[in-house]
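Scroll down for the structure; my scribbles are underneath it.
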Amino acid sequence: MAEKGTTKEMIWVSPNFTDDNACSGEGTDVYHLTYEIPGTSKDGIKLRVIKDGIRLTAPRGSDAEYWSDISFCCEADPSKVKASYSEGVLKVDVPIMCPDPFQSAVDVHVE
């Protein structure tokens, strides 16, 4: 823990982000997030998910803390999120529902 009167260094962590054809309109899609957070323990990781985004905080030693806030463009299902941590890498799979926004679009005739 940091000494009284000192402040922890806050380290912003941006995840590597991939998806399985997200927003394809084919039902449930998944965001795959990978965070590199070496020096923290699995028990120290706090991962919170709401339908609109995800928040990560994790201590690194006594003088620093990783943090990240990410907003989703599609609605997530927080009850089905899965996460694993090994050797400094946190992997998170976030199921989302993302209907095709062009499903009922009007076709335009080009002259």
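Brief remarks follow.
- Peptides ranked, highest mean first, by Cβ atoms within 10 Å: ranges 53-60, 40-47: 53-60, 40-47
- Theoretical gain in end-to-end length, D107 to T18 [0.36 nm per residue, Cα-Cα removed]: 29.0 nm
- Anisotropy class of the chain from Cα gyration tensor, a/c 1.5 cut: prolate
- Between the beta carbons of E9 and E36, assuming R0 = 25 Å, the FRET efficiency works out to 0.95 to the nearest 0.05.
- Cβ-based exposure ranking for E111, E9, in which fewest neighbours within 10 Å come first: E111, E9
Quick note: the coordinates plus some simple rules give every number you see, no bench work behind them. As the structure is a computational prediction, the values presented were derived from the model and not from experiment. Using ideal geometry, Cβ is built from the backbone for each residue, glycine included, and neighbour counts are taken over all protein chains shown.
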